Amino acid sequence: MTDRAKVRPLARNEIASRLDDLARLRITVFRAFPYLYDGDMDYERRYLATYLEADGAFVAGAFDGDELVGAATAAPLGEHKAEFAEPFAARGLDPDDFFYFGESVLLADYRGQGIGVGFFELRESEARRQGFTKCLFSAVVRPANHPLRPAGYVPLDGFWRNRGYVRLDGLSTAYGWKDIGETAETEKPMEYWVKALA
């Protein structure tokens, strides 16, 4: 962990009061490759409101003083968006067996200080508290020759493997958003990573 930012869970009423801060974080962080997300506040408020409505939803924040500089979300997969649960049901897997990690967003100046690890630890702890034995998240898949891929870009696969997550081969979904420079939403392939909790 770091002395610059403190990581802790957010109470439900605090999630509501920080909704716009969470929305701005997502727009800022997901604008970079590989998401290239051209977001807007209205969409973000609607999306994030699901964390106020879903049973078992969890949000952790990273704070520098009172400023929210990072956040991570989670909820039971069965309570999350249908696009992410449907591939499991189609394979005969029960979505209710999985605790789904929505996003982990952190401003660039705070990376490399252990905050991302803290986000994973807090969400895994919450999964255990709720009785789950499997954690799961999805990540966008971009081609290696994507024109906006930065030189020297290193994907997070190694970080995820070090946390004990493995890619679920043959299981994927698609999710739509508007990329920077696009005029409309397009669907992007998303792969899944899973971990069985000890």
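The values are calculated or read from the model by the stated rules, or taken from the named source; none is laboratory data. Just so you know, these numbers come straight off a predicted model, no measurement behind them. All Cβ positions, even for glycine, are placed from backbone atoms using ideal geometry, and neighbour counts span all protein chains on display. Protein only, heavy atoms only, side chains kept; ligands, DNA and RNA dropped before computing areas. Shrake-Rupley method; radii C 1.70, N 1.55, O 1.52, S 1.80 Å.
If you sort Val105, Val166 by accessible surface, 1.4 Å probe, largest first, the order is Val166, Val105.
Note on region 18-103: with neighbouring protein chains present and a 1.4 Å probe, carbon and sulfur make up 46 percent of its accessible heavy-atom surface. Largest GNM mean-square fluctuation among Arg26, Arg91, Arg111, using the chain with Cα springs under 10 Å: Arg91.
Counted residue by residue at 0.36 nm each, then reduced by the alpha carbon distance between them, the extension gain from Val194 to Tyr153 reaches 12.4 nm. The residues packed around Phe98, meaning those with a beta-carbon under 11 Å from its beta-carbon, carry a net charge of -2 if Lys and Arg are +1 and Asp and Glu are -1. Between Thr28 and Arg128, the simple label model (points 7 Å from Cα in the Cβ direction) yields a spacing of 3.2 nm.
A 1.4 Å probe run over the protein chains yields, for the chain, 50 Å² of accessible area per residue, whole-number rounding.
For the pair Val166 and Asp40, label points projected 7 Å from Cα toward Cβ lie 4.3 nm apart. Springs join every pair of Cα atoms under 10 Å in this Gaussian network model of the chain, and among Pro150, Pro87, Pro34 the largest mean-square fluctuation is at Pro150. Taking 0.36 nm per residue of separation and subtracting the current Cα-Cα distance, fully stretching the chain between Lys178 and Glu53 would add 42.5 nm.
Rg of the Cα atoms in the chain, relative to 2.2 N^0.38 Å, amounts to 0.99.
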